[in-house]
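Okay, so here's the structure we're looking at.
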Amino acid sequence: MIVKRNAHTGNRMSCGLGSLLSCVMASTARAQNEQTVFEPVSDHAEGIVWLWWAMFWVGAVIFLAVMLLLAVGLWRARRPNSGLGESASRNLVIAAGVAIPLVILLTLVGGSLMLGRSIAADPPPNVMRVRVTGWMWWWQVDYLDQDGKVIASTANEIHVPVGRPVEVQLISADVIHSFWVPQLHGKTDVMPGQLNSTWFTAEKAGVYRGQCAEFCGVQHALMAFLVIAEAETDFRRWLERQAAPAEMPENPRARFGLEVFLDRGCASCHTVRGTDAQGNIGPDLTHLASRRTLAAVTIPNTRGHLGGWISDPHSVKEGVFMPRTLLEPEELTALTVYLETLE
Amino acid sequence: MTEACFDDSPQATELLAKTWQSPPGFFGWFTHVNQRKIGLRFIVTSLIFFALAGVLALLMRLQLSQPEINLISPDLYNELFTMHGLTMMFFFAIPAMEGLGIYLVPLMLGTRDMAFPRLNAFGYYVYLIAGIVLYISLFVGAAPGVGWFSYVPLADDFFTPGKGPSVWTTMITFIELSALTAAVELIVTILRQRAPGMSLNRMPLFVWAILVMSFMIVFAMPAVIVGSVLLYLDRTFQTLFFVPGGGGDPLLWQHLFWFFGHPEVYIILVPALGVVSTIITTFTGRQVFGYTALVLSLVAIGFVSFGLWVHHMFTTGLPQLGLSFFTAASAMVAIPSGIQIFCWIASLWGRQIRFAMPMLFILGFFAIFVIGGLTGVMVASVPFDTQVHDTYFVVAHFHYVLIGGAVLPFFAALYYWYPKVVGRLMSERVGRWSFALIFIGINLTFFPMHQLGLEGMPRRVYTYLNDMGWGDYNFFITFSAFLLAFGFFLTFYNAVVSYRTGDPAGSNPWNADTLEWATDSPPANYNHRHIPVVSSRSPMWDVARTGERPVVGGLRADRREILLTTVLDAEPQAAQVMPSPSPWPFFLAVAVAFGFVGVMYIPLLFVWAFFVSFLMIVGWLWPRRPWQKE
Amino acid sequence: MEKGARPDPGPNISVVVDVREFSRFPLRRVAPIWWGIIGLIIIEMMVVLTFTASYFYLQMRADEWLPPELPLPDVIIPSFSLGILLVSCVTMYLAGRAIDRNQVKRFVVYTLASVLLACMVLLLRWQKFGELRFRWDEHVYGSLVWTLSGFHFVHVVSAAIGTFVIAIAGMVGYLNKQRQIGVIVDTMYWNFVALAWIPFYFVLYWVPRLI
Amino acid sequence: MGNKVVIIGKLWRLMLPIALALLSGCGERASVPELPARADVKRGRQLAEQVGCGSCHRIPGIPSANGQVGPPLEGLAERAYIAGILPNHFDTLAAWIAEPQRFAPNSAMPNLGLSEDQARDIAAYLYSQGRRNIQTGEEF
């Protein structure tokens, strides 16, 4: 029900560090991570995790070799006059301290530069463009057509077609954020006054969680988003739906809810396309009900959470900019009913 | 030479002690200028800040021990991690290393005080006041909560109104003053006051490390001072240096900050490397292998560290080509580090080693520091860094480097020089427990953080959702953090208890080779009864071997005189009369502090503080009558 | 060489260097304070460099540097004031030479002349501030002009006051050939302050014209 | 300043589960006897977390449940009335959770569309967090 869990009961033992650690905490280790570097679903992320394992093993060998050398050296003291002579010492330092590291480092730098070049290359021509705006503390997602015009606008959820490269153009509405979906790609900072972009291709359908990775104020911790990779046809259908304006509700209670939305201040920050609500400080709510979560992947999008979030956002996400709204009970009920019609 | 230039009588010794005595009493305390007093103050104060920052860390760990708990509000949590970083970097690590330098360098060089004793005292008061103001700000709810790196635009007054980042800008500039005065002071002392015969290539490695550190401070710190002045102006006068809409650029801040911030890490590390060489020399009973190589690698680390700053900015969207250079440079800094490690291993190989406490901490240093260095090389790779940047992987990495590379050697130094400072040895039994807990605690606390980072946990988050599956790791880490803290506490306890009950140390308990062991423990007011004359890198061992102790004669005992020697070869050149105890440095520090704190509220106070400080400086430097006496 | 004897059977102490006849008034490069001032100057030089680098960084990131409505900065009066500043270095040098020859009166005259020159510079600068047609909070160019000028202004003020104090020390008769280290370091700082204006002068008055 | 004092209080609240967890290996509380057989406390906790009770109520045992919109549900079992209008019995609580508007048409508490079983699970969880068994009156 909740957001996430791309149900990898992933094999924890496959992670080197994890396996070392699981000796210590085998009883408590759970495996339901949804934001891990270890389960890449794009070429970029796969290249990086490959690099990690290469570095990990080389590093482990170096560490053990140094410790072994130190241990043997100390052990030798049991025999008299076993200290290293001048030339032996010099050879040791030159070989182990200069020559070997130099070779390893050059290999690492070379490999890392090659991988970096391929990742930083321009995206292929059939790329789909999405513009993501970082706000304190949520993500605005705009789908762009060929001319850079906005087709559809949503928040904290990026749907992408499987197998198609997606370029994410990043701009900031306020401070520095960092766009990061570990299973798809490394971070790219969202810089005020500067257009950064990154691209990836999700090779597998699924829900991948991302999170802001640059400290951005009080609620930096709860500024996540979801990348939902789905088949091209599903994606098309979804995008079409998102591009459409909201329908006028038929249910009288929902109509009352729309009135509440327009009269009680919601509309000054939020947009619902197809109505008079054109605020642009908070997320576009035109298709709110189609989203899985609220408050940047903090709570599931259910009626209970929605009502509580509207009534008092601060007890869910302290310090958030959305104000408390004191509504009559029937207004609150109608408002939630209305918002649930925004599919 | 005649008898006249050499008076070893008890009367002369007493006179000398009286000349160099610090005034007693509460008010006297504010006039002390002797380098040992000031150095000890630096060390003790820095340890207090270390403990405070540790408590903040434990509070943060409690908040993170379980998902989605509300022990600490997000605002307060942000203040805690900011203060933890600021305290550890600016109020513990640098002052601790400087304190070691200030206390030990003149003793090691065989001189009686630092070059500018009053400036020294001033630096301490500045440090103390800055720390007190910072912690007061935490308790009145005005502490900076924007990270120790204080990135703009978050730290601009638009996004963070209130006094927090202003405290950051003014107090950082203020504490840098202290670091800079100490650095200049150490450089001049090292270059000009070495005992006759202690040419540069006979200088102890620890002194070399302090020299390199001081030069790095001089070149690195101005960048952050400029940065924080610009940020202060942005916040107070609405200038636009970092405001994108007005033509400013937030990236400029990052360049300024990291141009200082990266060398900062090595500023902390380099003196620790000096400590390692010193202790290995002493406990193997012979000169460490590769003196020249070690010195050159220290210098190389110092230089290269100024070319690495962009590796903190790999994800900011800079051009790929530029990043490659910084990848290469960052990886290459491993070479001088590697040279040092293997010089030490060569020195230890097959030697009879006394495994006393300092040596144990050094062995711990090897394991922890090598791990930190290896992950450091990993994060130099741009693609990999984009995944782990700003995650717990990096938190793990730099705690391994800083605790392994600086704190463990610093604790080794505490055990090693404690008998010199106090006259008694610290307890080995408590020390071993402390070391074991610290060593295990570090690994249990920080090793799992690598895994957490790779599983996606970002830094600087006050909580995380239950669904993320990070709860168990974090619980375990919190538990281990308390273990680690207890380990540190044991050494504190050890130091306090041994002050009264430790075994008497004698002047040279470890049979070490450097000059600080030539004098009593604790050293007399005048450091060395006679300024020694040196003819090798191991003067103490020379004395033991030859039974001869060559010294300088002719310095007067009735006033504070020191000997100046030439920069390269330490040939005696002139004598200098040192200033006497004085309250002016304290007054000046208070005046300057008043200005720094005041400008947060009333910018025009700058003008007032400027002139009052000037008056204080004149009072400080104004010659006392009668002049003819000289 | 006579050995000093000690009651305990410690190592024999032998005096191998006698410093009784050494000067107690080290001058110039022998004096620690000379090195200390060099340290201060290096620190301040780094500050000046960082300011200048920040200027160029912001200038290069900008699409257009000088805001279009502004005229190019005037260079005549700033060049003149730079000239005065450089002349004051000469008077400071003469003051130093005077005290080195124990000519206290001449020394006082030269230092006061230097202070006067500095005051003229400050006056010209102050007038420049008044003539600026923009504030520091309008654009980053304005922020830089105000900050760099203000930063250096404060330095000239402190150098002038410091030198004035030195002049007073001369008047009350403290300074002489032996006790002249104060003059030496003050002159060094003075020269630094004067020379530090050159990069600022260049970026403030010439860069907007040249690009 | 004030929050420092709060911390100390909170510290104790936190240390207790840590200590318990250390002793028992995990922090689950023992399930309550005497509850209706069909209700499942554990499932109730999960449901309460997911459907969103916590956005309006503070609920013991669910750290993320910090809502201040409605009353805190600590010690719910000891209260005499639910929402000020219903006598506090297990069945009435479950019925209230399932459809508040049945009893109070004007209530701001939403109808979450829960099944009867789900409502009973949640009610069971909420009761399990009290210190008194509502049916037997005994402390446990």
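Anything in the range B:234-274 that is of a type in the set (Asp, Glu) and in contact with an Asp or Glu (Cβ under 9 Å, 6 or more places away or on another chain)? List them, or say none.
Listed by number, the list holds a single entry, B:Asp234.
For every residue, the table says whether it meets (1) among the hydrophobic types (A, V, I, L, M, F, W, C); (2) closer than 18 Å to B:Leu104 by Cβ.
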| residue | (1), (2) |
| --- | --- |
| B:Asn201 | no, no |
| B:Phe206 | yes, yes |
| B:Leu211 | yes, yes |
| B:Ile225 | yes, no |
| B:Gly246 | no, no |
Taking the condition of being in contact (Cβ under 8 Å) with a residue 40 or more places away in the chain, among the hydrophobic types (A, V, I, L, M, F, W, C) and in a helix (DSSP H, G or I), how many residues in the range B:109-142 meet it? 11
A:Gln211 vs. criteria within 14 Å of chain B (Cβ to nearest Cβ), polar (S, T, N, Q) and more than 30 Å from C:Asp63 (Cα to Cα): yes
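Which one of B:Ala575, B:Ala589, B:Ala570, B:Ala593 is within 21 Å of C:Arg179 (Cα to Cα) and either under 31 Å from the mean Cα position of the chain (by Cα) or β-branched (Val, Ile, Thr) (or both)?
B:Ala575
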State whether one or more residues within the range B:603-624 are in contact (Cβ under 8 Å) with a residue 12 or more places away in the chain, charged (D, E, K, R), more than 9 Å from chain C (Cβ to nearest Cβ) and open to solvent by 40 Å² or more (accessible area, probe 1.4 Å). no
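For the range D:58-76, name all the residues that are under 16 Å from A:Arg324 (Cβ atoms) and part of a loop (DSSP other than H, G, I, E, B). Break it down into steps so the answer makes sense when it comes.
Pass one, the range D:58-76, residues under 16 Å from A:Arg324 (Cβ atoms): D:66-70.
Once the filter is applied, which keeps residues that are under 16 Å from A:Arg324 (Cβ atoms) and part of a loop (DSSP other than H, G, I, E, B), the range D:58-76 yields D:Gly67, D:Gln68, D:Val69, D:Gly70.
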Looking only at the range B:444-480, count how many residues are among the small types (Gly, Ala, Ser) and more than 7 Å from chain A (Cβ to nearest Cβ). 3
Options C:Tyr141, C:Tyr201; residue that is more than 15 Å from C:Ala95 (Cα to Cα) and either more than 13 Å from chain B (Cβ to nearest Cβ) or not in a helix (DSSP H, G or I) (or both): C:Tyr201
Single condition A:Ala60 does not satisfy, out of (1) within 28 Å of B:Pro319 (Cβ to Cβ); (2) in contact (Cβ under 8 Å) with a residue 40 or more places away in the chain; (3) not β-branched (Val, Ile, Thr): (1)
May I ask you to list the residues in the range A:311-343 that are open to solvent by less than 30 Å² (accessible area, probe 1.4 Å), assigned to a helix (DSSP H, G or I) and within 25 Å of A:Arg241 (Cα to Cα)? A:Ala334, A:Leu335, A:Thr336, A:Val337, A:Tyr338, A:Leu339
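Each row is one residue, and each column tells you yes or no for (1) at pLDDT 95 or above; (2) open to solvent by 40 Å² or more (accessible area, probe 1.4 Å).
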position	(1), (2)
A:Asn126	no, yes
A:Val130	yes, no
A:Tyr143	yes, no
A:Gln146	no, yes
A:Ile151	no, yes
A:Asp174	no, no
A:Phe179	yes, no
A:Gln194	no, no
Residue list for the range B:254-289, filter: in a loop (DSSP other than H, G, I, E, B) and among the small types (Gly, Ala, Ser): B:Gly285
Anything in the range B:572-585 that is closer than 21 Å to C:Arg29 by Cβ and either at the interface with another protein chain (Cβ under 9 Å from one of its Cβ atoms) or open to solvent by less than 30 Å² (accessible area, probe 1.4 Å) (or both)? List them, or say none. B:Pro572, B:Gln573, B:Ala574, B:Ala575, B:Gln576, B:Val577, B:Met578
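Right, C:Tyr141: within 24 Å of C:Phe51 (Cβ to Cβ), aromatic (Phe, Trp, Tyr), within 17 Å of the chain's Cα centre (by Cα) and buried (at least 16 other Cβ atoms within 10 Å of the Cβ) or not? Write out each step before concluding.
Details: within 24 Å of C:Phe51 (Cβ to Cβ): yes; aromatic (Phe, Trp, Tyr): yes; within 17 Å of the chain's Cα centre (by Cα): no; buried (at least 16 other Cβ atoms within 10 Å of the Cβ): yes.
When the stated conditions are applied, C:Tyr141 does not pass them.
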Being open to solvent by less than 10 Å² (accessible area, probe 1.4 Å) and in a helix (DSSP H, G or I) narrows it down to one residue among B:Gly101, B:Gly85; which is it? B:Gly101
So C:Pro67 fits all but one of (1) touching a Lys or Arg at 6+ places or on another chain (Cβ under 6 Å); (2) open to solvent by less than 40 Å² (accessible area, probe 1.4 Å); (3) closer than 30 Å to B:Thr239 by Cα; what number is the exception? (1)
Looking at A:Gly111, A:Gly85 in this structure, which one is under 28 Å from B:Ile339 (Cβ atoms) and surrounded by 14 or more Cβ atoms within 10 Å (Cβ to Cβ)? A:Gly111
Before we move on, is B:Phe241 open to solvent by less than 20 Å² (accessible area, probe 1.4 Å), within 12 Å of another protein chain (Cβ to nearest Cβ) and either of a type outside the set (Val, Ile, Thr) or closer than 24 Å to B:Phe92 by Cβ (or both)? yes
For the structure I just gave you, tell me whether B:Asp558 is surrounded by fewer than 20 Cβ atoms within 10 Å (Cβ to Cβ) and under 30 Å from B:Tyr415 (Cβ atoms). no
Would you be able to say whether some residue in the range B:486-509 is open to solvent by less than 30 Å² (accessible area, probe 1.4 Å) and over 19 Å from B:Tyr415 (Cβ atoms)? no
When you scan the range A:166-174, do you find a residue that is out of contact with any Lys or Arg (no Cβ under 6 Å at 6 or more places or on another chain), farther than 30 Å from A:His220 by Cβ and facing another protein chain (nearest Cβ under 8 Å), even just one? no
Flag for B:Asp542 being closer than 23 Å to B:Gly285 by Cβ, buried (at least 16 other Cβ atoms within 10 Å of the Cβ), out of contact with any helix residue (DSSP H, G or I) (no Cβ under 8 Å at 6 or more places or on another chain) and not hydrophobic (A, V, I, L, M, F, W, C): yes
Just one of the numbered conditions (1) of a type in the set (S, T, N, Q); (2) open to solvent by 20 Å² or more (accessible area, probe 1.4 Å); (3) under 16 Å from the mean Cα position of the chain (by Cα) is not true of B:Ser178; which one? (2)
Which fully enclosed strands (runs of 3 or more DSSP E) of the range B:531-630 have 3 or more residues being touching a strand residue (DSSP E or B) at 6+ places or on another chain (Cβ under 8 Å) and among the hydrophobic types (A, V, I, L, M, F, W, C)? B:561-565, B:572-577
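Given C:Ile161, C:Ile166, which one is within 14 Å of another protein chain (Cβ to nearest Cβ), open to solvent by 40 Å² or more (accessible area, probe 1.4 Å) and assigned to a helix (DSSP H, G or I)?
Only one candidate passes the filter, namely C:Ile161.
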When residues of the range D:80-97 are limited to those that are open to solvent by less than 60 Å² (accessible area, probe 1.4 Å) and of a type in the set (Phe, Trp, Tyr), the one nearest to D:Ser115 (Cα to Cα): D:Trp96
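The values are calculated or read from the model by the stated rules, or taken from the named source; none is laboratory data. What you are looking at is a predicted structure, and each value in this text was computed from that prediction instead of being measured. Every residue, glycine among them, receives a Cβ derived from its backbone with ideal geometry; neighbour counts consider all protein chains shown. For accessibility, only protein heavy atoms count, side chains too; no ligands or nucleic acids. Shrake-Rupley method; radii C 1.70, N 1.55, O 1.52, S 1.80 Å.
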